[in-house]
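Asker: Dropping the structure in here first, questions after.
The values are calculated or read from the model by the stated rules, or taken from the named source; none is laboratory data. Values in this document were obtained by computation on a predicted structure and should not be read as measured data. Counting neighbours? That spans all protein chains shown, and the Cβs are built from the backbone with ideal geometry, glycine included.
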Amino acid sequence: MPAIDLDDARAEHGRLIRVDLRGREYVFRPMALDEAQRVAERLDAAPEVALSTAIAAVRECYLATQVDDGYRSDTALFEEAAENFPLAFSAERGVCARLLRLASEQLADQVKEAISRWRGSERQLGSIAEDLLAFKEHQGGQASAKALAGALHVAEGLDTLKGLYKLHLSFMRALGKRRG
Amino acid sequence: MSDETPRYDFGPLKAKYGDLIVIELEGKTLAFKRLTKAQLTQMKTQINKKPDLVIDITINSCEFNCVLGSEHFKDLADRYPLAFCGNEDTKGVIDALMDLARGGAAGPSIRVE
């Protein structure tokens, strides 16, 4: 059960999530984007085991628990809390929801950054096709700036049924041109 | 002689089960132990499958976790079902059990640094 220095942990992970549960503090690192994506997919795919999925995801981010003389990394203390207060870690109103929201905010920032880099670039059919391919890559867990920008562009297209149809049409045309 | 009902000593039950939800209905005391992760998962699965049976499912969960006064449970649940399953306006035992599983009605306090 190694002692944890919160300043070192903050330096390593950028941000820390501190959870006060019945007077005892638990510390978590932020969820990485690819982790968050995998968790979100699992939650969607199997809602009946959402609670177990959420707790498992939070466990991965667990860093330390407050004890008498500081903070210690002791997964037994986390397991005890998860057993006693499982809904505190849920993806609905619990810690997992917060970790996912933080990852989502981080994603939004990265998308904005990527979009600002892409601003002014030509948005032809070929680039839309590239966006879709990038989005596919993004779904696979690779969260590069380009993939994220592609994801946003596709998301904008998916916003309406008409948009989806147009985007699909553009994609098919672009692929036809490439092959032709 | 005092008219007050003698208070039940919850010490041994608390030692065994931890936090309890205690209610008094028609002068009968019932105590409920916390819901486990598996029970919560099972309850959610059942409700998703058969949302029309939500009252029965939540009352069954209460009955399963009743650790004191269980001999009165069926009779009381039959006459006062909302006391156990609750509704939009009134919280029931199941809501208190859910709050307990959340670490309190407001849930955990979370801050990002």
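Asker: Any residue at all in the stretch B:28-38 that is among the small types (Gly, Ala, Ser) and within 15 Å of the chain's Cα centre (by Cα)?
Answerer: Let us first name the residues in the stretch B:28-38 that are among the small types (Gly, Ala, Ser), namely B:31, B:38.
After this cut, where a residue has to be within 15 Å of the chain's Cα centre (by Cα) as well, the list is B:31.
Scanning the stretch B:28-38 turns up at least one residue that is among the small types (Gly, Ala, Ser) and within 15 Å of the chain's Cα centre (by Cα).
Asker: Going through the stretch A:82-112 one residue at a time, which ones are of a type in the set (Gly, Ala, Ser) and over 8 Å from the mean Cα position of the chain (by Cα)?
Answerer: Just the residues of the stretch A:82-112 that are of a type in the set (Gly, Ala, Ser), to begin with: A:82, A:88, A:90-91, A:94, A:97, A:103-104, A:108.
If the condition is that a residue be of a type in the set (Gly, Ala, Ser) and over 8 Å from the mean Cα position of the chain (by Cα), then A:ALA82, A:ALA88, A:SER90, A:ALA91, A:GLY94, A:ALA97, A:ALA108 are the ones that fit.
Asker: Looking at (1) over 30 Å from A:ALA46 (Cα atoms); (2) small (Gly, Ala, Ser); (3) in contact with a helix residue (DSSP H, G or I) (Cβ under 9 Å, 6 or more places away or on another chain), find the lone condition where B:ALA15 falls short.
Answerer: (3)
Asker: All but one of (1) closer than 26 Å to B:ASP19 by Cβ; (2) out of contact with any helix residue (DSSP H, G or I) (no Cβ under 6 Å at 6 or more places or on another chain) hold for A:ALA50, so report the exception by its number.
Answerer: For A:ALA50, the exception is condition (2).
Asker: Of all residues being within 14 Å of chain A (Cβ to nearest Cβ) and over 13 Å from the mean Cα position of the chain (by Cα) in the stretch B:44-72, which is nearest to B:ALA15 (Cα to Cα)? Just the residue, please.
Answerer: My answer is B:LYS44.
Asker: Here is a check on your reading of the model: is A:ARG72 modelled with pLDDT of 85 or more, of a type in the set (Lys, Arg) and under 30 Å from B:ASN48 (Cα atoms)?
Answerer: On the way: modelled with pLDDT of 85 or more: yes; of a type in the set (Lys, Arg): yes; under 30 Å from B:ASN48 (Cα atoms): no.
Considered against the rule, which asks whether it is modelled with pLDDT of 85 or more, of a type in the set (Lys, Arg) and under 30 Å from B:ASN48 (Cα atoms), A:ARG72 comes out as no.
Asker: While we're on this one: Whether any residue in the stretch A:1-18 is within 12 Å of another protein chain (Cβ to nearest Cβ), out of contact with any Ser or Thr (no Cβ under 7 Å at 6 or more places or on another chain) and closer than 25 Å to B:LEU97 by Cα is what I want to check.
Answerer: yes
Asker: Something else now. I want to confirm something. Restricting to the stretch A:41-62 and keeping residues that are of a type in the set (A, V, I, L, M, F, W, C) and away from every other protein chain (no Cβ under 12 Å), which single residue is nearest to A:MET1 (Cα to Cα)?
Answerer: Looking at residues that are of a type in the set (A, V, I, L, M, F, W, C) and away from every other protein chain (no Cβ under 12 Å), I get A:CYS61.
Asker: A follow-up question, please. A:MET31 is checked against (1) part of a helix (DSSP H, G or I); (2) of a type in the set (A, V, I, L, M); (3) within 14 Å of chain B (Cβ to nearest Cβ) and fails just one. What number does that condition carry?
Answerer: (1)
Asker: Still on this structure, I have one more. Can you tell me which residue within the stretch A:27-67, out of those that are among the polar types (S, T, N, Q) and touching a residue at least 12 places away in the same chain (Cβ under 8 Å), is surrounded by the fewest Cβ atoms within 10 Å (Cβ to Cβ)? Write out each step before concluding.
Answerer: At the first step, the residues of the stretch A:27-67 found to be among the polar types (S, T, N, Q) are A:37, A:52-53, A:65-66.
From the residues that got through so far, the ones that are touching a residue at least 12 places away in the same chain (Cβ under 8 Å) too are A:37, A:53, A:65-66.
Working: A:GLN37: 21, A:THR53: 23, A:THR65: 23, A:GLN66: 18.
Within the stretch A:27-67, the match that is surrounded by the fewest Cβ atoms within 10 Å (Cβ to Cβ) is A:GLN66.
Asker: Right, another one. Go through the stretch B:75-113 and report how many residues are in contact with a strand residue (DSSP E or B) (Cβ under 7 Å, 6 or more places away or on another chain) and not aromatic (Phe, Trp, Tyr). I'd like the intermediate steps shown before the answer.
Answerer: Residues of the stretch B:75-113 that are in contact with a strand residue (DSSP E or B) (Cβ under 7 Å, 6 or more places away or on another chain), as a first pass: B:76, B:80, B:83, B:93, B:96-97, B:100, B:103, B:108-113.
Then keep just the ones that are not aromatic (Phe, Trp, Tyr); that gives B:76, B:83, B:93, B:96-97, B:100, B:103, B:108-113.
Result for the stretch B:75-113: 13.
Asker: Would you check which residues across the stretch A:4-26 are under 16 Å from the mean Cα position of the chain (by Cα), part of a loop (DSSP other than H, G, I, E, B) and in contact (Cβ under 8 Å) with a residue 24 or more places away in the chain and list them?
Answerer: Result: A:ARG15, A:LEU16.
Asker: Here is a follow-up. Just give me the residues in the stretch B:85-112 being more than 25 Å from A:ARG22 (Cβ to Cβ) and buried (at least 19 other Cβ atoms within 10 Å of the Cβ), in sequence order. Don't jump to the end; show me each part of the working.
Answerer: Here is the first cut: in the stretch B:85-112, the ones more than 25 Å from A:ARG22 (Cβ to Cβ) are B:85, B:87-90.
Residue satisfying the conditions is B:CYS85 alone.
Asker: Using beta carbons and a limit of 7 Å, which pairs, at least six apart or on different chains, have the first residue in the stretch B:91-113 and within 10 Å of chain A (Cβ to nearest Cβ) and the second one of a type in the set (Lys, Arg) and in a helix (DSSP H, G or I)?
Answerer: Going by the 7 Å Cβ cut-off, the qualifying pairs are B:ILE110/A:ARG98; B:GLU113/A:ARG10.
Asker: I need every pair where a residue in the stretch A:95-107 that is assigned by TED's automatic domain parsing to the domain that holds A:CYS61 has its Cβ under 6 Å from the Cβ of a residue that is among the hydroxyl-bearing types (Ser, Thr, Tyr) and part of a helix (DSSP H, G or I), sequence separation at least 6 or different chains.
Answerer: Once the first residue is assigned by TED's automatic domain parsing to the domain that holds A:CYS61 and sits in the stretch A:95-107, no partner that is among the hydroxyl-bearing types (Ser, Thr, Tyr) and part of a helix (DSSP H, G or I) comes close enough.
Asker: Determine whether A:ARG38 is farther than 22 Å from B:GLU113 by Cα, out of contact with any helix residue (DSSP H, G or I) (no Cβ under 8 Å at 6 or more places or on another chain), among the charged types (D, E, K, R) and away from chain B (no Cβ under 14 Å). Reasoning before the result, please.
Answerer: Values: farther than 22 Å from B:GLU113 by Cα: yes; out of contact with any helix residue (DSSP H, G or I) (no Cβ under 8 Å at 6 or more places or on another chain): yes; among the charged types (D, E, K, R): yes; away from chain B (no Cβ under 14 Å): yes.
Considered against the rule, which asks whether it is farther than 22 Å from B:GLU113 by Cα, out of contact with any helix residue (DSSP H, G or I) (no Cβ under 8 Å at 6 or more places or on another chain), among the charged types (D, E, K, R) and away from chain B (no Cβ under 14 Å), A:ARG38 comes out as yes.
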